[in-house]
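These notes concern the structure reproduced below.
The values are calculated or read from the model by the stated rules, or taken from the named source; none is laboratory data. Keep in mind the model is a prediction, meaning the values are calculated, not measured. Cβ: placed from backbone, ideal geometry, glycine included. Neighbour counts: every protein chain shown.
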Protein chains: 2
Amino acid sequence: MPAKGAHVDVIAGGGIVGLSIAWRLARSGRPVTVADPAPASGASHAAAGMLAPVSEVTYTEAPLLRLGLAALRRWPSFAAELAVDAGLAGADALDFRTDGTLDVAFGADDLAALDELAAFMEKLELPVERLTGRECRRLEPMLAPAVRGGLLAPGDAWVDPRRVTAALLTALDRLGVPLVRARVSELLRDDGTVTGVRLTPPDVQAPGVADGGVLRAERVILAAGAWSAALAGVPVRPVKGQIMRLRSSQPLLGRCVRGTVHGSSVYLVPRGDGELVVGATQEELGFDTRVTAGGLYELLRDARELVPGVTELEVSDVVAGLRPGTPDNLPVIGPSGTPGLTLATGHHRGGVLLAPLTTVILLGEEGELAALCSPERFRDIS
Amino acid sequence: MPAKGAHVDVIAGGGIVGLSIAWRLARSGRPVTVADPAPASGASHAAAGMLAPVSEVTYTEAPLLRLGLAALRRWPSFAAELAVDAGLAGADALDFRTDGTLDVAFGADDLAALDELAAFMEKLELPVERLTGRECRRLEPMLAPAVRGGLLAPGDAWVDPRRVTAALLTALDRLGVPLVRARVSELLRDDGTVTGVRLTPPDVQAPGVADGGVLRAERVILAAGAWSAALAGVPVRPVKGQIMRLRSSQPLLGRCVRGTVHGSSVYLVPRGDGELVVGATQEELGFDTRVTAGGLYELLRDARELVPGVTELEVSDVVAGLRPGTPDNLPVIGPSGTPGLTLATGHHRGGVLLAPLTTVILLGEEGELAALCSPERFRDIS
């Protein structure tokens, strides 16, 4: 057994995945330290927070659907327990809502695609409802008159990721988990075993950090999102997403609404306080987090097509984040081939949805799902 | 003669007009105080800085054209002298540039309108050049291929209004002009004469301010832009303009470019450091300075039509300001009917262009132009 207070686990990365893991480990009594130069400021900060495995389903990604459904089932208890640990009134304080997602169609081609998707989902015994344009507008009166039909996934949910990471930081603080505000610039290796991390800047002051920014650990859990590739050869690439937050005095929508406009997918996520999140671009541009004229233009154009009334809303925030995409769109979770190194990265567009499930997989439960996410499917990780 | 240091003139409003007047008066040795809760943060902060009387000309506004041309002639010496007083290297430090404006047309109707405008301008002996689409693109290679013709106004200029107001504030500081950071909430009146202002908050600490926020003056110069109506019944209304700043590593354009897209006018103003200003909406919404989804959408849509390459640029700033519009679009400059009250407001879209000329008109030069701007043309000012 490690001495009390030793840095048994060091988690490289303080996004929603890294923080969730730290919280679960610390809760179970395991000493853990999180290292991140700016926790909760990357992809988690940009995320809209859709927990929508059903409406996100595509024909080719059955494993991702299975993961997503299992993850969604974990969310209610995760949110409730986190609220308790963070001293919040309840999951409502995280804006955790379960009112479903409405996927809408405009043209005849869109409608045909929606019909096919509905048939596919019914075959999978997913609870969906095919709606006419009129039924869609009855549910969501602000929808454009041009909407001709929709598919309601009543089980889909959403949450405010910024509130979740804020709650995780509070919970970690209450549990006494050290949060080192420095970047993990290198994994320390000793005879083929990962034995800790090197931090930048090297003179960072934090418990357990030795000269040169060295922080020893029995296990390093790499949860550095798109930055994981450089540290351990994980095949993740940055997929840029630009997102916009609009503000209105009262909510324009009662549930998440998504649709395909001009061939690009757009979604609108309503918050309880009247905020409306519009997302998101998907751009392969490397480590580029600039908010661009073209990105904003696409979001605004597509959001207007779905819900014309958005034009009156105030623009309160615009931000870009980098999702960690993998070759097969599945995350990379579990022990790597290298002793001392465990991975929890590659969550791509699903970091918020999959965070609770990721902690469970790491704790060794959910063996069958763990196999889907196993690092063993990739070479070159070390 | 007033005692040295007395607050002979109090200027209500520290936008580009109020600050320019203060600078000219202080330079001539006259004691002056400026009151503004947040100098240089209103319409001047949102302005793009086009000094483009020729390309802004319309058939019905000959007086405004005369004013604008006279104002443009004042700019080179104004910029040069301001640079000296602010300790800058020269007018270049204000991004004062004289490379002209290019007005472009897309469709056949646009081209016909451009031809008519060219004929009208030639009749006025304004120096303009009618260009083909090819000639436009030779001047500005980033222009959209759909541009079919243009009108070059080679004498038009532009400047960075934020640098100008910053230089004015520096110059005023060097001249020892007091800047009271409070709002003028009321004009003090004594037997039909304006004798000073009341400031809010009333406990503001500044030289010459007595109990209750009272600041006495021989003359109050009202330069409060859209807020002038409430103080003295000037018929100005707020005309909202949303504007966007884009950033690129190298300038996309060599001169100001404007055009009419989907019936709305858009212009692009390049700065020396690669910034590109895109403006501007014109909205009649009262005192509303929210940046809206619809406003940004229009700017982005129209800018893309003119110069498709803007989509790659970073969005560095988005802001809305309130222009002080008058019923005849001409400013209101000169002594009011009320002793002790002088007006310098109602500059609408021309505050930056007209600021130097405004100071000259107030000093009693340019009598003929002064008549165009006289407050006497409106009743109810007092």
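Restricting attention to the stretch A:190-216, the residues that are closer than 15 Å to A:Ala12 by Cα and polar (S, T, N, Q) add up to 2.
Among the residues of the stretch A:236-275, the one identified as touching a Phe, Trp or Tyr at 6+ places or on another chain (Cβ under 8 Å) and over 27 Å from A:Leu117 (Cβ atoms) is A:Pro238.
Annotation: A:Val360 fulfils all but one of (1) under 24 Å from A:Gly155 (Cα atoms); (2) among the β-branched types (Val, Ile, Thr); (3) not in a helix (DSSP H, G or I); the unmet one is (3). Scanning the stretch A:153-176 for residues that are among the hydrophobic types (A, V, I, L, M, F, W, C), under 22 Å from the mean Cα position of the chain (by Cα) and at pLDDT 95 or above gives A:Ala157, A:Trp158, A:Val159, A:Val164, A:Ala166, A:Ala167, A:Leu168, A:Leu169, A:Ala171, A:Leu172.
For every residue, the table says whether it meets (1) modelled with pLDDT of 95 or more; (2) among the basic types (Lys, Arg); (3) surrounded by fewer than 24 Cβ atoms within 10 Å (Cβ to Cβ); (4) part of a loop (DSSP other than H, G, I, E, B).
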| residue | (1), (2), (3), (4) |
| --- | --- |
| B:Gly5 | no, no, yes, yes |
| B:Ser20 | yes, no, no, no |
| B:Arg24 | yes, yes, yes, no |
| B:Glu56 | no, no, yes, yes |
| B:Leu65 | no, no, yes, no |
| B:Leu69 | no, no, yes, no |
| B:Arg73 | yes, yes, yes, no |
| B:Ser77 | yes, no, yes, no |
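Filtering the stretch A:223-233 for residues that are in contact with an Asp or Glu (Cβ under 9 Å, 6 or more places away or on another chain) and either more than 30 Å from A:Ala22 (Cα to Cα) or within 14 Å of chain B (Cβ to nearest Cβ) (or both) leaves an empty set.
Would you check if there is a residue in the stretch B:365-381 being part of a helix (DSSP H, G or I), modelled with pLDDT of 95 or more and closer than 22 Å to B:Ser44 by Cα? Checking the stretch B:365-381: at least one residue is part of a helix (DSSP H, G or I), modelled with pLDDT of 95 or more and closer than 22 Å to B:Ser44 by Cα.
A search for C-beta distances below 9 Å between a residue of the stretch A:79-90 that is without any contact (Cβ under 8 Å) to a residue 12 or more places away in the chain and any residue that is surrounded by 19 or more Cβ atoms within 10 Å (Cβ to Cβ) and part of a loop (DSSP other than H, G, I, E, B), counting only pairs 6+ apart in sequence or on different chains, returns A:Ala80/A:Phe96; A:Gly90/A:Phe96.
Quick grid of which residues meet (1) of a type in the set (D, E, K, R); (2) touching a Ser or Thr at 6+ places or on another chain (Cβ under 6 Å); (3) in a loop (DSSP other than H, G, I, E, B):
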residue: A:Asp115; (1), (2), (3): yes, no, no
residue: A:Met142; (1), (2), (3): no, no, yes
residue: A:Leu168; (1), (2), (3): no, no, no
residue: A:Leu187; (1), (2), (3): no, no, no
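Residues considered: A:Arg304, A:Arg290. Of these, the only one that is of a type in the set (Lys, Arg), within 27 Å of A:Arg162 (Cβ to Cβ), touching a Leu at 6+ places or on another chain (Cβ under 9 Å) and without any contact (Cβ under 8 Å) to a residue 60 or more places away in the chain is A:Arg290. Reported count of residues in the stretch B:62-102, each being more than 22 Å from B:Ala26 (Cα to Cα), hydrophobic (A, V, I, L, M, F, W, C) and out of contact with any helix residue (DSSP H, G or I) (no Cβ under 8 Å at 6 or more places or on another chain), is 3. Would it be correct to say that B:Leu330 is part of a loop (DSSP other than H, G, I, E, B), of a type in the set (A, V, I, L, M, F, W, C) and either over 16 Å from B:Val220 (Cα atoms) or modelled with pLDDT under 95 (or both)? Criteria met by B:Leu330.
Does A:Ser248 satisfy being closer than 23 Å to A:Gly100 by Cα, out of contact with any Ser or Thr (no Cβ under 9 Å at 6 or more places or on another chain) and within 12 Å of chain B (Cβ to nearest Cβ)? Yes. Taking the stated definitions as given, is B:Glu275 surrounded by fewer than 16 Cβ atoms within 10 Å (Cβ to Cβ) and on the phi < 0 side of the Ramachandran plot? In short, no. Of the residues examined, A:Thr338 is not one that is of a type in the set (S, T, N, Q), buried (at least 22 other Cβ atoms within 10 Å of the Cβ) and more than 14 Å from chain B (Cβ to nearest Cβ). Of the residues making up the stretch B:174-209, just one is farther than 22 Å from B:Ala229 by Cβ and among the polar types (S, T, N, Q), namely B:Gln205. Any residue that is basic (Lys, Arg) and crowded, with 19+ Cβ neighbours inside 10 Å - is there at least one of those in the stretch A:372-382? No, the stretch A:372-382 contains no residue that is basic (Lys, Arg) and crowded, with 19+ Cβ neighbours inside 10 Å. Going by what's in this entry, would A:Glu366 be described as among the acidic types (Asp, Glu) and within 14 Å of chain B (Cβ to nearest Cβ)? For A:Glu366, the condition - among the acidic types (Asp, Glu) and within 14 Å of chain B (Cβ to nearest Cβ) - is not met. B:Ala52 - would you say it is hydrophobic (A, V, I, L, M, F, W, C), in contact with an Asp or Glu (Cβ under 6 Å, 6 or more places away or on another chain) and buried (at least 23 other Cβ atoms within 10 Å of the Cβ)? Considered against the rule, which asks whether it is hydrophobic (A, V, I, L, M, F, W, C), in contact with an Asp or Glu (Cβ under 6 Å, 6 or more places away or on another chain) and buried (at least 23 other Cβ atoms within 10 Å of the Cβ), B:Ala52 comes out as yes. Taken together, the criteria place A:Leu322 among residues that are away from chain B (no Cβ under 14 Å) and modelled with pLDDT of 95 or more.
Screening the stretch B:208-238 for residues that are free of Cβ contacts under 8 Å to residues at least 60 places away in the same chain and not in a strand (DSSP E or B) and picking the one that is surrounded by the most Cβ atoms within 10 Å (Cβ to Cβ) gives B:Gly213.
Only one of the numbered conditions (1) at pLDDT below 95; (2) at positive phi is violated by A:Gly196, and that is (1). Scanning the stretch A:120-178 for residues that are surrounded by 15 or more Cβ atoms within 10 Å (Cβ to Cβ) and of a type in the set (Val, Ile, Thr) returns A:Val128, A:Val147, A:Val159, A:Val164, A:Thr165, A:Thr170, A:Val177.
Every residue, every condition in (1) out of contact with any strand residue (DSSP E or B) (no Cβ under 9 Å at 6 or more places or on another chain); (2) on the phi < 0 side of the Ramachandran plot; (3) surrounded by fewer than 20 Cβ atoms within 10 Å (Cβ to Cβ), yes or no:
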| position | (1), (2), (3) |
| --- | --- |
| B:Thr311 | no, yes, yes |
| B:Ala320 | no, yes, no |
| B:Asp328 | yes, yes, yes |
| B:Gly334 | no, no, yes |
| B:Thr342 | no, yes, no |
| B:Leu353 | no, yes, no |
| B:Pro356 | yes, yes, no |
